[in-house]
Amino acid sequence: MNSLGVNSLDLAAQPHRRFNPMTREWVLVSPHRTQRPWQGQVEDVAPETQLAFDPNCYLCPGNSRAVVAKNPDYASVFVFDNDFAAMKPDTPEGEFRQQDLLLAHSESGRCRVICFSPRHDLTLARMSIADLRNVVDAWAKEYADLGSQPNIRSVQIFENRGAMMGCSNPHPHGQIWANETIPNELAKELAALTDHYKAHGSTLLSDYLKLELEKQERVVCSNDDFVVVVPFWAIWPFETLVLSRRPVSALDELTDAEHTSLADILRQITIRYDNLFKTSFPYTMGFHQRPTDGQPHPEFPMHVHFYPPLLRSATVRKFMVGYEMLGMPQRDITAETAAKWLRDLPPSHYLDQ
Ligand SMILES: [Zn+2]
Ligand SMILES: [Zn+2]
């Protein structure tokens, strides 16, 4: 028993639930189901593409794009408005309401596409730090430009990587959605982090990073400015969180050196992901940044979430079904074990070894 009279809990052996203070939701952890040793299963999976240029790809330089235009012969990063955008900037304001049960509101916004490289066959993990830095620069510019528009309150920068995540085109690219309201996930975190800031006078993520750096148990990799951890409350088997050592609320507050540093840390973690099952690792990754409502938001440090679906090999993925749809998310391997596996991998890409 501890000083509070509560029995201690063996996180590595006993079923338990863990609290996510960022969303104030719980995840069920069942470590007793993974007593078997780590197999490190590697399968022979053909790469999605080996073509540096694909004449049929609508994102490659010079190719035709859907109904609208032809891509320029871009040599670095290329950003454009999505031809099939989920939101439009000129949607008139409107509301639908019936007895407070049926409620709808118009939503205007912009959806942009960012090609990370003219090379069809690259991924973030296979790009140079210099080229990745160009992507960081473009993200920062888009965040600032879109966020400065009067009807935009939130800018989401993200990447769906791999067919398993529903990404139909292997050309390295991501998306930027900017809209007039704050979406659910950001709103949950904003509420929790604001409460923490009011109660403690410090940011939740700075306090959390301090704790992780003391323990080192869930740290995967780091550099001078950023640290990657498998968060204590991770849901996906190899979920990670990229935290900045100096709290900044968005990309527009990073220094020049930190742009390069961010490129480096994204390269480090994506290489480790690829090395885990010797495959081009699928994931959804994205930035959470301060709402662009003109307020400074010191309570909300910028961070990056990686949500990869793979569980045991290049083809065996985790599904969020059954209890997870009806109850709460559940995982078997602990965050500590996942962090150790990722941490112990070689830091250079397996295709370069
Ligand atoms: Zn392409
Ligand atoms: Zn977040």
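The values are calculated or read from the model by the stated rules, or taken from the named source; none is laboratory data. Values in this document were obtained by computation on a predicted structure and should not be read as measured data. Neighbour counts are summed over all protein chains in view; Cβ atoms, including those assigned to glycine, are modelled from backbone coordinates with ideal geometry. Side chains included, ligands, DNA and RNA excluded: accessible areas come from the protein's heavy atoms. Shrake-Rupley method; radii C 1.70, N 1.55, O 1.52, S 1.80 Å.
Pairs linking a residue in region 141-160 that is within 25 Å of Thr123 (Cα to Cα) and part of a strand (DSSP E or B) to a residue that is small (Gly, Ala, Ser) and at pLDDT below 95, with Cβ atoms under 7 Å and 6 or more positions apart or on different chains, are Asn160/Gly166.
Restricting attention to region 53-76, the residues that are of a type in the set (A, V, I, L, M, F, W, C), open to solvent by 20 Å² or more (accessible area, probe 1.4 Å) and within 11 Å of ligand 1 (Cβ to nearest atom) total 1. Scanning region 71-99 for residues that are among the charged types (D, E, K, R) and over 18 Å from Ile114 (Cβ atoms) returns Lys88, Asp90, Glu93, Glu95, Arg97.
Cβ-Cβ contacts under 6 Å between residues 6 or more apart (or on different chains), taken from a first residue in region 239-258 that is more than 16 Å from Asp137 (Cα to Cα) and touching a residue at least 60 places away in the same chain (Cβ under 8 Å) to a second residue that is within 14 Å of ligand 2 (Cβ to nearest atom) and of a type in the set (Ser, Thr, Tyr), are listed as Glu239/Tyr307.
Which residues, counting only those in region 83-120, are part of a loop (DSSP other than H, G, I, E, B), of a type in the set (Asp, Glu) and loosely packed, with under 12 Cβ neighbours inside 10 Å?
Taking region 83-120 first, the residues part of a loop (DSSP other than H, G, I, E, B) are 83-94, 99-101, 106-108, 116-120.
Still in the list and also of a type in the set (Asp, Glu): 83, 90, 93, 100, 107.
Passing the criteria: Asp90, Glu93, Asp100.
Scanning region 222-238 for residues that are in contact with a strand residue (DSSP E or B) (Cβ under 7 Å, 6 or more places away or on another chain) and open to solvent by 10 Å² or more (accessible area, probe 1.4 Å) returns Ser222, Asp225, Phe232, Trp233, Ile235, Trp236.
Is region 196-211 home to any residue that is open to solvent by 10 Å² or more (accessible area, probe 1.4 Å), in contact with a helix residue (DSSP H, G or I) (Cβ under 9 Å, 6 or more places away or on another chain) and among the acidic types (Asp, Glu)? Taking every residue of region 196-211 in turn, at least one turns out to be open to solvent by 10 Å² or more (accessible area, probe 1.4 Å), in contact with a helix residue (DSSP H, G or I) (Cβ under 9 Å, 6 or more places away or on another chain) and among the acidic types (Asp, Glu).
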